[in-house]
Amino acid sequence: MGDQAAKKPLIAQGWLRVLLFGCCFCVIAILVAVPALLLIAGIRRDDLAANPVGTLSAMLDGDYLWLMVVLEFVISLLSVWIFRTFIDRKSFGSLGFETRGFRGEAAAGFFMGPALLGISCLGLFFSGHLQWTDIHFDPQSLTVSFGLLLLIAFSEELVFRGYILNNLLSSFQNKWIALIISAVLFAAFHITNPGIHFLAIANLLIAGLLFGMNYIYTRNLWFSFLFHLSWNFFQGPLLGSDVSGLHMPSLLQLQTTGDLLITGGDFGLEGSIMNMAVSLAAVLILAWAFERKYSPSRSTTGMLKA
């Protein structure tokens, strides 16, 4: 561990490591995902080549969501491990898996998801755009959905905060520039999701800011991972909304009425202007809170290390 920590990265510029990582991620995705889609899902090669975005979107909205989630997990884990070990020359754990001293942040991240979604839902409910029509309790479906969303949250936080944001922070003196770039990439990654529209993309960018807000101060993943997990689980399997366009069995049966910009349409609550307002307010509050807590006069050198 000590020898590895003392090594300099194989490529000095963090932004260049991120660029090459993106290329590596795509290559591994092609090598791993394409054969799996052809063999397991029975996708025709001509269909995949002619319309890759539409084909992937249909897969996310169909019976093979589990396959897409597992592939994302495998590709993310493999690509990050390769680059962190052989290009960054640092340990995998140094991406931000330390729990000691970060349990409070982890708990705060977990409760951020239901808090923000609850406010958005209440706004839509009292404005007459949302109602719950029934309750359907299926423990098996809830367990499976939780497992899938756990893999999604881990994969995306590992890639976009753990690796990409971590390396961008080493390239830009201004941490907010690094955060914005990582959020843009996070939003772009979801461009193939079913039901995507302009407001949904904007909200995904804001979500990228929210998830990365704690990381730019602590370099720790527990806040963002539990925030991401609770956000998705409460939004979909519990409250009944689609999760970034992905439909899952839910405890509460939700029905929305009105303009797509208000309700989010088929993309779910994440595509709603109500969610945008709540999320933007949360960005400002978290920026203020973390700046006060981790300002240079109060922070420790250890917390600011990459």
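The values are calculated or read from the model by the stated rules, or taken from the named source; none is laboratory data. Computed from a prediction, not measured in an experiment: that's the story for all the values here. Quick reminder, even Gly has a Cβ in these numbers, built from the backbone with ideal geometry, and neighbours come from all protein chains shown.
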Of L19, L67, which residue is farther than 30 Å from T218 by Cβ and part of a helix (DSSP H, G or I)?
L67
Only one residue in A33, A6, A49 is modelled with pLDDT under 95 and surrounded by 14 or more Cβ atoms within 10 Å (Cβ to Cβ), so which one is that?
A33
Within the range 254-279, residues surrounded by fewer than 15 Cβ atoms within 10 Å (Cβ to Cβ) and at pLDDT 95 or above come out as A277
First in the range 89-102 and within 9 Å of N220 (Cβ to Cβ), second anywhere and part of a loop (DSSP other than H, G, I, E, B) and of a type outside the set (G, A, S), Cβ under 7 Å, 6 or more apart
G96/R219; G96/N220; G96/L221; F97/L221; E98/N220; F102/N220
Check whether at least one residue in the range 160-167 is surrounded by fewer than 17 Cβ atoms within 10 Å (Cβ to Cβ), closer than 29 Å to V278 by Cβ and of a type outside the set (D, E), and report yes or no.
no
On the given criteria, is W66 touching a residue at least 12 places away in the same chain (Cβ under 8 Å) and within 20 Å of F186 (Cβ to Cβ)?
no
Which ones in the range 207-233 are under 19 Å from L60 (Cα atoms) and surrounded by fewer than 22 Cβ atoms within 10 Å (Cβ to Cβ)?
L229
Filtering the range 128-154 down to residues that are of a type in the set (S, T, Y) and surrounded by 12 or more Cβ atoms within 10 Å (Cβ to Cβ), which residue is farthest from the chain's Cα centre (by Cα)?
S141
Out of (1) closer than 28 Å to I273 by Cα; (2) surrounded by 16 or more Cβ atoms within 10 Å (Cβ to Cβ); (3) hydrophobic (A, V, I, L, M, F, W, C), the one F111 does not meet is (2)
